[in-house]
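K.L.:
One structure, pasted below without further comment.
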């Protein structure tokens, strides 16, 4: 009798211990699963964060590249011409100096009256100021070639120094080119050409036409 009762108590105690152990095991497995879930979520969020940082960095790099390309891109010829015309506009004088947007580029025409005395190719001191201003703009704001052309009226000339209007117009163009070179414009950008009376601004033999045709034109080529 006593032995049977003892066995029953041992069996009951053992069953109780087994149930407790199973409960603790179940509780431990749940905690492990929860921990795994939290770890997985943390890794997922970290990966998403890193991907977002990479995407943001890529966008910043592309934006910077576009900005650099835009800054480095050379201005279009039309934009450069407009800028040069704007810078030269203050020098415009309807009677003595004209600034125009020509097909070949920007043309500055200066009446020979303010540059030379009649029949001579030495620059007048009064012309230094305007020529210096033009040279400054062409030196700092343009790297294009510059064609300087001398023009005369149709009255023939024949002196010990200039046998014809060809020589006179060439010498006048050369004088302007030398002045520009002295002001720092690269010599390889410039050319001096004498046109004599072959390209009149105004057709006619009267004093007004002849005065208008005696000029020097400075063409900045585009």
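The values are calculated or read from the model by the stated rules, or taken from the named source; none is laboratory data. Because the structure is predicted, anything quoted here is derived from the model rather than measured. Positions of Cβ are backbone-derived with ideal geometry, glycine not excepted, and every protein chain shown enters the neighbour counts.
K.L.:
Does region 197-210 contain any residue that is closer than 16 Å to residue 112 by Cα, in contact (Cβ under 8 Å) with a residue 12 or more places away in the chain, surrounded by 21 or more Cβ atoms within 10 Å (Cβ to Cβ) and assigned by TED's automatic domain parsing to the domain that holds residue 111?
P.N.:
The answer is no, given that none of the residues of region 197-210 is closer than 16 Å to residue 112 by Cα, in contact (Cβ under 8 Å) with a residue 12 or more places away in the chain, surrounded by 21 or more Cβ atoms within 10 Å (Cβ to Cβ) and assigned by TED's automatic domain parsing to the domain that holds residue 111.
K.L.:
Looking at region 201-216, which of the residues that are modelled with pLDDT of 95 or more and within 37 Å of the chain's Cα centre (by Cα) is farthest from residue 138 (Cα to Cα)?
P.N.:
215
K.L.:
Still on this structure, please answer the following. Is region 161-178 home to any residue that is surrounded by 16 or more Cβ atoms within 10 Å (Cβ to Cβ), over 29 Å from residue 89 (Cβ atoms) and touching a strand residue (DSSP E or B) at 6+ places or on another chain (Cβ under 6 Å)?
P.N.:
Yes, region 161-178 contains at least one residue that is surrounded by 16 or more Cβ atoms within 10 Å (Cβ to Cβ), over 29 Å from residue 89 (Cβ atoms) and touching a strand residue (DSSP E or B) at 6+ places or on another chain (Cβ under 6 Å).
K.L.:
What number of residues in region 117-143 are buried (at least 21 other Cβ atoms within 10 Å of the Cβ) and either in a loop (DSSP other than H, G, I, E, B) or out of contact with any helix residue (DSSP H, G or I) (no Cβ under 9 Å at 6 or more places or on another chain) (or both)?
P.N.:
2
K.L.:
While we're looking at this one, here's another question. Can you say whether residue 181 is part of a strand (DSSP E or B) and under 30 Å from the mean Cα position of the chain (by Cα), as far as the supplied structure shows?
P.N.:
In short, no.
K.L.:
Consider region 95-109. How many of its residues are touching a residue at least 40 places away in the same chain (Cβ under 8 Å) and either assigned to a loop (DSSP other than H, G, I, E, B) or over 17 Å from residue 222 (Cβ atoms) (or both)?
P.N.:
Selection size over region 95-109: 2.
K.L.:
For the list (1) surrounded by 16 or more Cβ atoms within 10 Å (Cβ to Cβ); (2) without any contact (Cβ under 8 Å) to a residue 60 or more places away in the chain; (3) in contact with a helix residue (DSSP H, G or I) (Cβ under 9 Å, 6 or more places away or on another chain), I need the number of the one condition that residue 146 fails.
P.N.:
(2)
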